[in-house]
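Here the structure is laid out as structure tokens; the discussion comes afterwards.
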Amino acid sequence: MTLTLNLPPELEQYLFQEAQQQGLSVEAVTLKLLHNSILLRQKQSDAVNLIQSWIDDEDIEEQQETGQYLVRALDEDRLSKRKLFPIELKGITW
């Protein structure tokens with residue numbers, strides 16, 4: 001596909017400098033930047049969708065069990081005997 005763009009002088013200058021630094025044509029640099037931008041957007045969208053699926057997950061019991069497991073695992077895997085999540089502070093500090 002052929003695409004004709006009228007670029008502001010600053011953007012045109014940026015593309016020329018990038019092309020020179022990378023030893024590529026302006027078209028190749030522009031395509032690379034566009035491709036990277038689209039990939040980044042897709043990754044961000046995928047991450048948002050994954051987090052939203054976790055939020056939408058209605059298995060409260062499983063979430064509570066996972067939370068309890070994480071608290072136990074973090075408390076057990078410590079160099080000191082002091083607990084990171086002391087039971088007497090549950091609901092106060094954590």
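Readers should treat all values here as calculations from the given coordinates under stated rules, not as data from a laboratory. Not measured: the values here are computed from a predicted model. Because the Cβ atoms are built from the backbone with ideal geometry, glycine has one as well, and the counts that use them run over all protein chains shown.
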Assuming 0.36 nm per residue, please report the length gained on full extension of the stretch S45 to E76 beyond their Cα-Cα distance. 7.6 nm
How far is it, in nm, from the label point at L5 to the one at V26 when both lie 7 Å from their Cα along the line to the Cβ? 1.1
So which lysines can K43 reach, going by Cα to Cα under 24 Å and dropping same-chain residues fewer than 8 places off? K32
I want the local charge near E76. Using Cβ-Cβ distances under 13 Å, sum +1 for each Lys or Arg and -1 for each Asp or Glu among the other residues. +3
For K90, counting only aspartates and glutamates whose alpha-carbon sits under 20 Å away and dropping same-chain residues fewer than eight positions off, the answer is E61, E62, E65, D75, E76, D77
Could you tell me, in Å, what Rg and Dmax come out for the Cα atoms of the range 6-66? 20.5, 58
